[in-house]
1. Please identify the pairs in which a residue from the stretch 187-202 that is surrounded by fewer than 19 Cβ atoms within 10 Å (Cβ to Cβ) has its Cβ atom under 7 Å from the Cβ atom of a residue that is of a type in the set (Asp, Glu) and at pLDDT below 85, counting only partners at least 6 apart or on another chain.
2. When you go through (1) closer than 24 Å to GLY332 by Cα; (2) free of Cβ contacts under 8 Å to residues at least 12 places away in the same chain one by one for GLU427, which number turns out not to apply?
3. Looking only at the stretch 77-89, decide whether some residue is of a type in the set (Val, Ile, Thr) and touching a helix residue (DSSP H, G or I) at 6+ places or on another chain (Cβ under 6 Å).
4. In the stretch 371-419, what residues are touching a residue at least 24 places away in the same chain (Cβ under 8 Å), loosely packed, with under 15 Cβ neighbours inside 10 Å and over 22 Å from VAL250 (Cβ atoms)?
5. Restricted to the stretch 203-219, and to residues that are under 29 Å from ILE355 (Cβ atoms) and modelled with pLDDT of 95 or more, which residue is surrounded by the fewest Cβ atoms within 10 Å (Cβ to Cβ)?
6. Here are some conditions: (1) farther than 28 Å from PHE248 by Cβ; (2) not in a strand (DSSP E or B). SER353 meets all but one. Which one does it not meet?
7. Here's a check for you: in the stretch 261-270, which residue that is of a type in the set (D, E, K, R) and in contact with a Phe, Trp or Tyr (Cβ under 9 Å, 6 or more places away or on another chain) is surrounded by the fewest Cβ atoms within 10 Å (Cβ to Cβ)?
8. Suppose we keep only residues that are β-branched (Val, Ile, Thr) and crowded, with 22+ Cβ neighbours inside 10 Å within the stretch 130-157. Which one would you say is modelled with the highest pLDDT?
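The values are calculated or read from the model by the stated rules, or taken from the named source; none is laboratory data. Just so we're clear, the structure is a prediction, and the values are computed from it rather than from any experiment. Glycine also receives a Cβ, built like all others from the backbone with ideal geometry; neighbour counts cover every protein chain displayed.
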Amino acid sequence: MDEEISLNLLQTMEEEIKKRPRAKVVHLSVEVGTTEGLLDALTIALLFPKDEVAFIKGELDLTFLFQLISEISEPGLTYPAHVAPKLAYDNIFERIKENDFLIHVPYQSFQPTVDLLKSAAEDPDVLAIKMTLYRSSEDSELIFALKEAAKKKKQVTVLVEIKARFDEERNIGWARQLEEAGCHVIYGMPGTKIHSKMTLIVRREEGRTRRYVHLSTGNYNEKTARVYTDLGYFTANEDFARDISDVFNVITGYSQPARWKRVISSPYDLREYFFEMVDQEIAFHKEHKNGFIFAKMNSLEDTKMIDKLYEASNAGVKINLIVRGICVLIPGVPGLSENITVKSIVGRFLEHSRIYFFNNNSDFRVFLSSADWMSRNFDKRIELLFEIHHQEQKDHLRNILDMSWMDNQKTRILLPQRKYSFMKAQEDKFNAQEFFLNNYK
């Protein structure tokens, strides 16, 4: 659809979704070895040309098997139950004012995020809530809290990204519910997806207003928070609050983007900022021989970013990358990427956090983000990158990277031949996800 000329994006999306059940099938994947009888039945029923069928080796999409997990009664077939420890506090606002803090789900409980929204809805001193929703879960306490806040006459603004792939229909449902409850709902932006995960809460305290911020590498989704690894950051820092307030103003059309104090945003200057950091690492390596970049993400396919990493590798900068999914960069090629190593961890939990580390001449800087190094994240989405400044939290994030890099049980290494290989058997077995399960209190 042409978003630029759509007068009502919500209505246009609803009309497009209605077409899905009647849409023409454009692709059919079939496992090698499928019988001719089954193949004939499929192509006839789907009105699909038999000579255009794609035959693949290996399993098809098995996500439907998730529905069977609750039916399994044999303990040996499932992981032991994990109850994530929750941070101790009586009042979430007082806890955030005490000092900024991080949570690492699913190893730690997602509950502080829920408590923040529920407390904001119930607290008579809370004046306003602003939040982005990209994907949420059914029966979400967060959405219930937003509706309750609006019913109590608080100013609630929710940016619902109704173009979230495969969640369009569900997100339209949330949007309708929130509107009916009295929330001010914004349905994305033409040509751009709002993929950043942020919440801003304005509270009246002692005759003045104080703003609280939550930023995350993952979605506001209680269910995926139990199986996706993500990091959430809570702060009452006024620079952060001012920046996030300005970001919301940009998204809602009230101001023009600018470089902020604590956050960097796409599609405005995120790629350029990463380029600056890589160039700085190259300069430090030329002078001090200590250039080092360490990054963890879901996917890496932006060719401009890849070329910049090749440039850094050729300058001697060591680069460690943990890329769970798609990786277009080719590591370990002499004269191109000999200083780059790429690993992928596929284990009990889906690795989803995005962490970016730059050695910075041994005074390292570390960032969290909603963005992978993909062209769509740099050019077609509203994403946020933010730096962590507290030394204890920086050390904690560095430890997450180091422990993940040590994994030799669930790690695959990307070879120069563009194939993945399991790590060679080692006497000291180390599973990073199990380590995190056992070391968070």
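1. Pairs that qualify, where the first residue is surrounded by fewer than 19 Cβ atoms within 10 Å (Cβ to Cβ) and the partner is of a type in the set (Asp, Glu) and at pLDDT below 85, are PRO190/GLU3; PRO190/GLU4; GLY191/GLU3; GLY191/GLU4.
2. The one condition GLU427 does not meet is (1).
3. no
4. Once the filter is applied, which keeps residues that are touching a residue at least 24 places away in the same chain (Cβ under 8 Å), loosely packed, with under 15 Cβ neighbours inside 10 Å and over 22 Å from VAL250 (Cβ atoms), the stretch 371-419 yields HIS390, MET406, LEU415, PRO416, ARG418.
5. Here the residue is ARG210.
6. (1) is the only condition that SER353 fails.
7. Only one residue tops the list, namely LYS261.
8. VAL156
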